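Heads up, the thing below is written out as structure tokens.
The values are calculated or read from the model by the stated rules, or taken from the named source; none is laboratory data. It should be emphasised that the depicted structure is a prediction, and the values quoted were computed from it without experimental measurement. Positions of Cβ are backbone-derived with ideal geometry, glycine not excepted, and every protein chain shown enters the neighbour counts.
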Amino acid sequence: MKVGIVGLGRMGGAMLRRLREQDFDVVGWDQGAHANQALAADGLRIAANAGDVAANSEIVISSVTEDHGVRKIFTGAAGFLEADVTGKLFIEMSTLQPMTGRELAPVVEKRGARLIDAPVLGTIPQVRAGTLLAMVGGKSDDLERARPVLEKLTRQIVHMGPNGAGYAMKLAANLGLGAYIQAVAESLALGLRQGLALDQMVDVLQETATTSGWLKNKADVLKGAPAEITLDIRTLRKDIMSAVATGALTGVPMPLSAGTLASLSAAVDGDYGDGDLAELPKFFREAMLQNFDR
């Protein structure tokens, strides 16, 4: 089966490698020349543009940072829909606002193709192991057609509902992640101001009723070890912004998420945006606490 991937950042590049290892005929493209060059150096096939990927694939995956970028690769110059896409299936795996999926699906269908949204839970290690969890929005028949590809990337596929439903679930999940990391940041800051030891606090937090797999995986980073970037602060900020915007459009107040967004935005402004999420507590302590000595 011929599979194309557009968006060759950390996630997209890892998916390209994973699918090639699973014996798919894979071609990719990224709007950044550096990503294309790096993957081409590894022997992976790189197309000329997004439209070229669509023209040379049966199933096309996209993994792009934000809504505007996704619209551009579908409907912009040299985008997917400038090619003949009759009979093709698009699996959109970015984290977007639900309305984007609902907007694009009929546009794609008018060109004789199909579209599902399939954002995932998990990061680079899960891509490499094929153990992501996919949350799918779209028609059941389209999901069944996508399964041979998605099953090589995931341990579980959940059909959430029509187009946009997968994005809604991903935003709901990331709201909890953002709030949890902010709570950890405040917990550590409070304890340190009370004279507690950072390492000891992190160990104790792993034994509480609210501990998580994320905390256990990132314990060493919270103690000061270097971080392997799995999800960066800038990207989570974008996701929380999307969730707050979606809530505003549908009458859902989000005071907790708005507070988390303020902290993430400060971190981005403080040059922490490209750092791993586990570095947010460090930024919070360094830049956001009141200093009574001044």
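Key figures for this structure:
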| quantity | calculated |
| --- | --- |
| Tabulated pairs, the stretch 37-60, first within 28 Å of residue 86 (Cα to Cα), second of a type in the set (S, T, N, Q) and in a loop (DSSP other than H, G, I, E, B), C-beta under 8 angstrom, 6+ apart or interchain | 47/56 |
| Of the criteria (1) modelled with pLDDT of 95 or more; (2) under 19 Å from the mean Cα position of the chain (by Cα), which one residue 229 fails | (1) |
| Search result, residues across the stretch 224-246 that are surrounded by 15 or more Cβ atoms within 10 Å (Cβ to Cβ) and free of Cβ contacts under 8 Å to residues at least 60 places away in the same chain | 227, 232, 233, 234, 237, 241, 244 |
| Top-ranked residue in the stretch 67-84 [being assigned to a helix (DSSP H, G or I) and surrounded by 21 or more Cβ atoms within 10 Å (Cβ to Cβ); ranked as farthest from the chain's Cα centre (by Cα)] | 80 |
| Residue in the stretch 18-29 that is of a type in the set (Gly, Ala, Ser) and either in a loop (DSSP other than H, G, I, E, B) or crowded, with 19+ Cβ neighbours inside 10 Å (or both) present | yes |
| Subset of the stretch 227-259 (residues that are under 18 Å from residue 66 (Cβ atoms), in a helix (DSSP H, G or I) and not hydrophobic (A, V, I, L, M, F, W, C)) | 234, 235, 237, 238, 239, 242, 246, 247, 257 |
| The stretch 267-286, residues that are surrounded by fewer than 21 Cβ atoms within 10 Å (Cβ to Cβ) and in contact with a strand residue (DSSP E or B) (Cβ under 8 Å, 6 or more places away or on another chain) | 273, 274, 275, 276 |
| Unique residue being touching a residue at least 12 places away in the same chain (Cβ under 8 Å), under 17 Å from residue 60 (Cα atoms), charged (D, E, K, R) and in the same structural domain as residue 63 (by TED's automatic domain parsing) when the list is 145, 155 | 145 |
| Filter result for residue 224 (under 20 Å from residue 69 (Cβ atoms) and either assigned to a loop (DSSP other than H, G, I, E, B) or in contact with a strand residue (DSSP E or B) (Cβ under 7 Å, 6 or more places away or on another chain) (or both)) | no |
| Residues within the stretch 178-207 that are free of Cβ contacts under 8 Å to residues at least 60 places away in the same chain and in a helix (DSSP H, G or I), tallied | 13 |
